[in-house]
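K.L.:
Before I ask anything, here is the structure I am working with.
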Amino acid sequence: MARRTLHRAASRITLAILALPLAVPLAAQGDPSSGEGGEPAQEWTRSDEWRAAAAKASETAERMEGAERVTLTRGYRAIPFPGPIPEEAIPGAGYIPGIPRLGIPPLHETDGPLGVTYIAGLRGDFATPFPSSVAQGASFDPALIERMGRIIGSEARAKGFDILLAGGANLTRDPRNGRTFEYFSEDPLLTGKLAGASVRGIQSNRIISTVKHFALNGQETGRRFIDVRIGRDAARESDLLAFEIALEEGEPGAIMCAYNKVNGENACASEWLLTEILRDAWGYPGFVMSDWGAVPSLKAAIAGLDQQSAASLDKEVYFEDQLLARANADPRWDAQLDAMNERILTAVYRLGLDKDPAEPGGAIDYEANAEASKDVATAGMVLLRNEGGILPLVEAPKRILVVGGYADAGVLSGAGSSQAHGEGGAAIIRPYGDIGPYSRVLTQQYHRSSPLKALRERYPEARIDFRDGRYVSDAAALAALADVVIVFATQWMSEGFDLPDLSLPDGQDALIAAVAKANPRTIVVLETGGPVAMPWLADSAAVLQAWYPGIRGGEAIAEVIAGDAYPGGRLPLSFPRSAGDLPRPEIPGALELGLDFTGSEPSPGYELVADYEVEDAEIGYRWLARTQAEALFPFGFGLGYTRFAFDDFTLDRDRASVRVSNIGQRPGAAVPQLYLLSRNGQPMRRLVGFAKAELPAGEARQLDLAIDQRLLADNRDGVWTMPEGEYEIGLGTDAETIVARKTIRLEAKRWRNGG
Ligand code: BGC
């Protein structure tokens, strides 16, 4: 009886949060810092759909008895190594048994953000791998990323998965982070918009998507114990803002907390992150699952964690018998357990998993989906250099030399939990080393999409030779005989370890330098997870950043080189001139722990701190602007095959407008960007809005750019605060190139939520 009474109290709390009024200026509600006024939650959390789901969840949770109460809180591993998985689980990432008596379906979880993952082919199927998230970020195109999400979600559903562990919304604070390829960008607005769009697309399939890894999961070295130190206001203005926007845009059913500590507390046991920010400030109605093996203790439940994913990976299974025993003994824990079940069920009901659960064996049009993957690849390719307009190679050269990058076999992909594969698995696998059961997945894998083959198909009359690049002298000698040389350079990244610097590994810089010296018509295609230094840049004719371009990456590269498609991307992260220009010239812990897989594992007794207070919210281009360091290629930069003119720039407090004209000879994509340049004379650099327009040659369009008010403000103890005064806003083609500027006088404003 006692449990039921308490339980009702917990339900009332959930519904009360969902019923809070719309965000209104603080002036109208009293200042919460003085103890008055409420905390308005994000608007979407009060929609009829979420409220109905929460009400139903509350009823079901009330009917749970005994062990049923810890059925949804305890997750099982569904990765078939190390060791077997539950019989009913679909090989994937995780599994949560259902409760048939209450009509609660089992939950099957799979990674990931780039396509349903392959887990070494053990499921006996394949999926459509999309380009890396950073390539998606380069598209600057939420509509395209939503379309991609719809496809990935449809494949997940057709394979029987109800939860997709997609939506990486961390900022690329350090480009050497081994997961840079899994994140969209270094900017909170761009990341939030794109992560949210991908979730929206995925969930349109009536399955749950996550955003992850909440929060500040900035490097892989020591990721299981590193303590990230950052000011709370600065976190709200940067990494947390990306999540805040992603939640608004995508309304994900779940959020995954991160491995690392934040200000001394494990992210998965951080009351500040999981309760104060996520629930109290944002009113988030869905549930928090842990990352795999990220739960430090039972106390995480009280901090706000709802589900211990793959619980056997933690030191103990906390969220089953231990949790139940505690709930039976302590009314506070009892109420918390009810709230945990309610939040998980709210997501289940909101997405309709009880009525229409995913079933394996659904139809998938892999051909159509691969074409969509190619569209994302070309939309995210960034042309960094194009001397004398060498690209596109419209006229077929007589003799082409293709060098390196396994271009004869395929295109590179990033490794770790996001590794997806097309039919037949990888074309090439380069082993990483003996790391036990993970040796089979943490390898350099190339998708079956050969740029060489695609180029030969595109230029049937040309003589196209290939050299793998092992011998520099041979490649350079042959380069001298070719009309055009195309060098493929790769930089492999993986979850589990970081990169020591920004160079291309395996002597590729020397190879490119020698080839470019031998033939000035050398085009460099980069298949990298993030930025690289380019010591050979001045000798090259063109540089095309192709990232990890997915299952049709080879074809996409050939189409862009030939001009059948144009490179539509802009850099979603700065390319610094050297690692010395980053806030931390070295990866914290790199020397002590080693930049290999074991370096991410727990290291008892060793304490590791990453001091993000150095840059606080000033990440990437903001940091470079503050330190007055010029980038090798700035955030937002990209050339394309045409030129644009920008006129009629007008500015209001929450929007700007500009007329964009394609004044070149070929179609292309314009990406006008709005930057806050100064506030009352104090210089700053923040992306406050952006738009993308595809325009045929000769066409013009008036574009509207919304300005997210949070980017004009500072966060002070959870309150967005805009001082009265002069706001100078620039229209940029990248973070360093401002083509028009306007100053607007704005009133002081303070508010809690919403942009
Ligand atoms: C990763 C998550 C992933 C999970 C399940 C973890 O190692 O950090 O991103 O979703 O594994 O595979």
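K.L.:
Restricting to the stretch 112-128, name every residue that is within 15 Å of Gly153 (Cβ to Cβ) and part of a loop (DSSP other than H, G, I, E, B).
P.N.:
Gly112, Leu114, Val116, Ala127, Thr128
K.L.:
Condition (residue is in a helix (DSSP H, G or I) and out of contact with any strand residue (DSSP E or B) (no Cβ under 8 Å at 6 or more places or on another chain)) applied to the stretch 304-320: is it met by at least one residue?
P.N.:
no
K.L.:
Anything in the stretch 362-397 that is hydroxyl-bearing (Ser, Thr, Tyr) and open to solvent by 40 Å² or more (accessible area, probe 1.4 Å)? List them, or say none.
P.N.:
The answer is Tyr366, and nothing else.
K.L.:
Right, another one. Is it the case that Glu359 is more than 27 Å from the chain's Cα centre (by Cα), open to solvent by less than 10 Å² (accessible area, probe 1.4 Å) and touching a residue at least 24 places away in the same chain (Cβ under 8 Å)?
P.N.:
Against the criterion (more than 27 Å from the chain's Cα centre (by Cα), open to solvent by less than 10 Å² (accessible area, probe 1.4 Å) and touching a residue at least 24 places away in the same chain (Cβ under 8 Å)), Glu359 does not qualify.
K.L.:
Here is a further query. Of these, Ala254, Ala294, Ala246, which one is in contact (Cβ under 8 Å) with a residue 60 or more places away in the chain, open to solvent by less than 20 Å² (accessible area, probe 1.4 Å), more than 24 Å from Leu189 (Cβ to Cβ) and in contact with a helix residue (DSSP H, G or I) (Cβ under 7 Å, 6 or more places away or on another chain)?
P.N.:
Only one candidate passes the filter, namely Ala294.
K.L.:
Which members of the stretch 512-537 meet the condition of being open to solvent by 10 Å² or more (accessible area, probe 1.4 Å) and part of a helix (DSSP H, G or I)?
P.N.:
Hits for the stretch 512-537 are Ala513, Ala514, Lys517, Ala518, Leu537.
K.L.:
Filter the stretch 206-247 down to residues that are farther than 20 Å from Ser133 by Cα, small (Gly, Ala, Ser) and part of a loop (DSSP other than H, G, I, E, B) and give me whichever is nearest to the ligand (Cβ to nearest atom).
P.N.:
Among residues in the stretch 206-247 that are farther than 20 Å from Ser133 by Cα, small (Gly, Ala, Ser) and part of a loop (DSSP other than H, G, I, E, B), the one nearest to the ligand (Cβ to nearest atom) is Gly222.
K.L.:
Continuing with this model, one more query. Within the stretch 376-425, count every residue that is in a loop (DSSP other than H, G, I, E, B), touching a residue at least 40 places away in the same chain (Cβ under 8 Å) and more than 16 Å from the ligand (Cβ to nearest atom).
P.N.:
Final tally of qualifying residues: 20.
K.L.:
From Ile429, Ile464, grab the single residue that is free of Cβ contacts under 8 Å to residues at least 40 places away in the same chain, away from the ligand (no atom under 16 Å from the Cβ) and outside any helix (DSSP H, G or I).
P.N.:
The unique qualifying residue is Ile429.
K.L.:
Let me ask something additional. For the condition within 20 Å of Leu189 (Cα to Cα) and open to solvent by less than 20 Å² (accessible area, probe 1.4 Å), what is the one hit in Leu711, Leu746?
P.N.:
Unique residue meeting the criteria: Leu711.
K.L.:
Can you find a residue that is basic (Lys, Arg), open to solvent by 10 Å² or more (accessible area, probe 1.4 Å) and farther than 21 Å from Gly496 by Cβ anywhere in the stretch 207-228?
P.N.:
No; the residues of the stretch 207-228 include none that is basic (Lys, Arg), open to solvent by 10 Å² or more (accessible area, probe 1.4 Å) and farther than 21 Å from Gly496 by Cβ.
K.L.:
Is it true that some residue in the stretch 59-74 is more than 17 Å from Ala339 (Cβ to Cβ), of a type in the set (Gly, Ala, Ser) and modelled with pLDDT under 95?
P.N.:
The answer is no; no qualifying residue exists.
K.L.:
Please determine whether any residue of the stretch 323-345 is away from the ligand (no atom under 16 Å from the Cβ) and closer than 22 Å to Gly92 by Cα.
P.N.:
yes
K.L.:
Condition first: in a loop (DSSP other than H, G, I, E, B) and either surrounded by fewer than 19 Cβ atoms within 10 Å (Cβ to Cβ) or on the phi > 0 side of the Ramachandran plot (or both). Now tell me which residues in the stretch 569-582 satisfy that.
P.N.:
Those that are in a loop (DSSP other than H, G, I, E, B) and either surrounded by fewer than 19 Cβ atoms within 10 Å (Cβ to Cβ) or on the phi > 0 side of the Ramachandran plot (or both): Arg577, Ser578.
K.L.:
OK, next. Which residue is surrounded by the most Cβ atoms within 10 Å (Cβ to Cβ), if the candidates are limited to the stretch 77-133 and must be of a type in the set (Asp, Glu) and away from the ligand (no atom under 13 Å from the Cβ)?
P.N.:
Among residues in the stretch 77-133 that are of a type in the set (Asp, Glu) and away from the ligand (no atom under 13 Å from the Cβ), the one surrounded by the most Cβ atoms within 10 Å (Cβ to Cβ) is Asp125.
K.L.:
Confirm whether Asn266 is within 16 Å of the ligand (Cβ to nearest atom) and not basic (Lys, Arg).
P.N.:
When the stated conditions are applied, Asn266 passes them.
K.L.:
Go through the stretch 407-419 residue by residue and tally those that are among the aliphatic types (A, V, I, L, M) and either within 13 Å of Ser494 (Cα to Cα) or open to solvent by 20 Å² or more (accessible area, probe 1.4 Å) (or both).
P.N.:
3
K.L.:
While we're looking at this one, here's another question. When the residues of the stretch 479-495 are narrowed to those that are touching a strand residue (DSSP E or B) at 6+ places or on another chain (Cβ under 6 Å) and in a loop (DSSP other than H, G, I, E, B), which ends up most open to solvent (accessible area, probe 1.4 Å)?
P.N.:
Asp483
K.L.:
Let me ask you something else. Please give the number of the condition Gln203 fails out of (1) in contact (Cβ under 8 Å) with a residue 60 or more places away in the chain; (2) within 16 Å of the ligand (Cβ to nearest atom); (3) of a type outside the set (D, E, K, R).
P.N.:
Only one criterion in (1) in contact (Cβ under 8 Å) with a residue 60 or more places away in the chain; (2) within 16 Å of the ligand (Cβ to nearest atom); (3) of a type outside the set (D, E, K, R) is unmet by Gln203, namely (2).
K.L.:
Any idea which of Gly664, Gly636, Gly640 is touching an Asp or Glu at 6+ places or on another chain (Cβ under 7 Å) and either open to solvent by less than 20 Å² (accessible area, probe 1.4 Å) or of a type outside the set (D, E, K, R) (or both)?
P.N.:
Gly636
K.L.:
Which of the residues that make up the stretch 155-185 are open to solvent by less than 10 Å² (accessible area, probe 1.4 Å), among the acidic types (Asp, Glu) and either out of contact with any strand residue (DSSP E or B) (no Cβ under 8 Å at 6 or more places or on another chain) or within 14 Å of the ligand (Cβ to nearest atom) (or both)?
P.N.:
Glu182
K.L.:
I need every pair where a residue in the stretch 299-317 that is closer than 18 Å to Arg343 by Cβ has its Cβ under 8 Å from the Cβ of a residue that is of a type in the set (Val, Ile, Thr) and within 16 Å of the ligand (Cβ to nearest atom), sequence separation at least 6 or different chains.
P.N.:
Gly304/Val288; Leu305/Val288; Leu305/Val295; Asp306/Val288; Gln307/Ile96; Gln307/Val288; Gln308/Val295; Ala311/Val295
K.L.:
Among the listed residues Ala454, Ala476, which satisfies the condition of being assigned to a helix (DSSP H, G or I), open to solvent by less than 30 Å² (accessible area, probe 1.4 Å) and either more than 23 Å from Pro567 (Cβ to Cβ) or at pLDDT below 95 (or both)?
P.N.:
The conditions single out Ala476.
K.L.:
Kindly list the number of the only condition in (1) under 16 Å from Glu527 (Cβ atoms); (2) open to solvent by less than 10 Å² (accessible area, probe 1.4 Å) that fails for Ile400.
P.N.:
Here Ile400 clears every test but (1).
The values are calculated or read from the model by the stated rules, or taken from the named source; none is laboratory data. Computed from a predicted model, the values in this text were never measured in an experiment. Positions of Cβ are backbone-derived with ideal geometry, glycine not excepted, and every protein chain shown enters the neighbour counts. Accessible surface is based on the protein model in full, side chains and every heavy atom, while ligands, DNA and RNA are left aside. Shrake-Rupley method; radii C 1.70, N 1.55, O 1.52, S 1.80 Å.
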